[in-house]
Amino acid sequence: MMDVAAMAGVSQATVSLVLNGSPGVKLAQSTRDRVFASAADLGYQFVPRRARRSQITRSTIIFVADEVSTDPWIPLAFEGASDRALDFGVTTALLVSHGDDEVEALLAPLLDQQAVLGYIYGTALTRLVEPAPSLKQKQSVLINCYDQDGALPGLVPSDVAGGRLATERLLEAGRCRIGLINGQQGVDNSRNRLRGYKQALAAADVSFDAALVRYGNWEPSSGYEMTHQLMQLPNPPDAIFCANDMMAMGCIDALRERGSSVPDDVAVIGYDDREIAQFTHPPLTTLILPFYDMGQLAADMLLGEAPIPELGSPPTQVDCALVERGSVRAQAPVSATR
């Protein structure tokens, strides 16, 4: 599977999702075609470890979340896990701990009375965690988080690759001055999307300009404010990559207020693919946060449908697919200082 992933230019998690035929996975058809073509070229015959219903003696997966009300991502992961588990007659129960260690510790004796197949532990923010002992005592998978020593398998969005893909799309549209409105400093998502942004610029031989990077707080107000700051530069950007769709909404509002047309004057790309992204004016080009896919893959691991990484492995990166809409459009390349 690693050879197929390398040939297709995708993550091993994507190969698993495609070859397992997981329903509801939001991957571009071109990505699916590359995976199938690479598997065929390599002569790889994928044989999933099908877990027969008669072989499953435990009937419940416990999904423990630190938060479900601030963003839609963990509920999406739960939905993916639940949909997949139901294919095998397994139910999924959601418990919200609010990240309280004492609450999570109290869950163990209660849950030990249930017919638990395994645990999924998900966090609203991509981060390092110290799993509760109860998670280590049973088969468990981490979603959107990872532990220090890789004792438990983890699944996280491929934010470095996503940041690179978003920036590459703007470069392909002929944009040369690409601003970045990032999330809060010091968190994994912001740090990794910035890394991807820098990698894409370097690969295109475009010099990194720190003046084009601003930090917001993931809310529309900061996208609005930072866009005004960027457009007031002596040499303003001709494209802006917003690290989430909410800030992209504020960005588009600010550009409209300044009389700049999107995408003719300034192209805008977001990140998340929130439902509202298709209703902005113009509709927002963005990347999908693959939480539904991660939920399905986590359930597959617990059900024996997908391989579990070896102990000590880094978290598995799950690809963020690009969604093309109207806020980015190709234009003739223009000369620029590089």
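Translational diffusion coefficient of the stretch 136-289 (Stokes-Einstein, Kirkwood radius from Cα pairs, 25 °C, 0.890 mPa s): 155 µm²/s. Note on the chain: with a GNM built from Cα contacts shorter than 10 Å, the maximum mean-square fluctuation among Ala298, Ala28, Ala321 falls on Ala28. Surface listing: Trp73, Trp218 arranged by accessible area from highest to lowest gives Trp218, Trp73, probe 1.4 Å. Compared with the rule-of-thumb size 2.2 N^0.38 Å for a compact globular protein, the stretch 162-203 has a Cα radius of gyration ratio of 1.11. Computed over the chain, the quotient of the alpha carbon radius of gyration and 2.2 N^0.38 Å is 1.05. Between Pro263, Pro234, Pro283, the residue with the greatest mean-square fluctuation in the GNM of the chain (Cα pairs under 10 Å linked by springs) is Pro234. Report summary: the helix-based calculation at 222 nm, which adds -39500 (n - 2.57) for every DSSP H run with n ≥ 4 and divides by the residues of the chain, gives -11500 deg cm²/dmol. Between the Cα long axis of helix 101-111 and the first principal axis of the chain there is an angle of about 40°, rounded to the nearest 10.
Here the dipole of the chain is about 720 debye; that uses its Cα centre as origin and unit charges on the Cβ of Lys and Arg (positive) and Asp and Glu (negative). Note on the chain: GNM, Cα springs under 10 Å; of Arg127, Arg256, Arg177, the largest mean-square fluctuation is that of Arg256. Restricted to Cα atoms, the stretch 244-338 shows a radius of gyration and a Dmax of 18.4, 55 angstrom. Taking only the C-alpha atoms of the stretch 69-177, Rg followed by Dmax gives 17.4, 60 Å.
The values are calculated or read from the model by the stated rules, or taken from the named source; none is laboratory data. Only a predicted model underlies this, so the values are computations on that prediction, with no experimental measurement involved. When we count neighbours, we look across all protein chains shown, and the Cβ atoms used for this are built from the backbone with ideal geometry, even at glycine. What goes into the accessible areas is simple: the full protein's heavy atoms, side chains included, and nothing from ligands, DNA or RNA. Shrake-Rupley method; radii C 1.70, N 1.55, O 1.52, S 1.80 Å.
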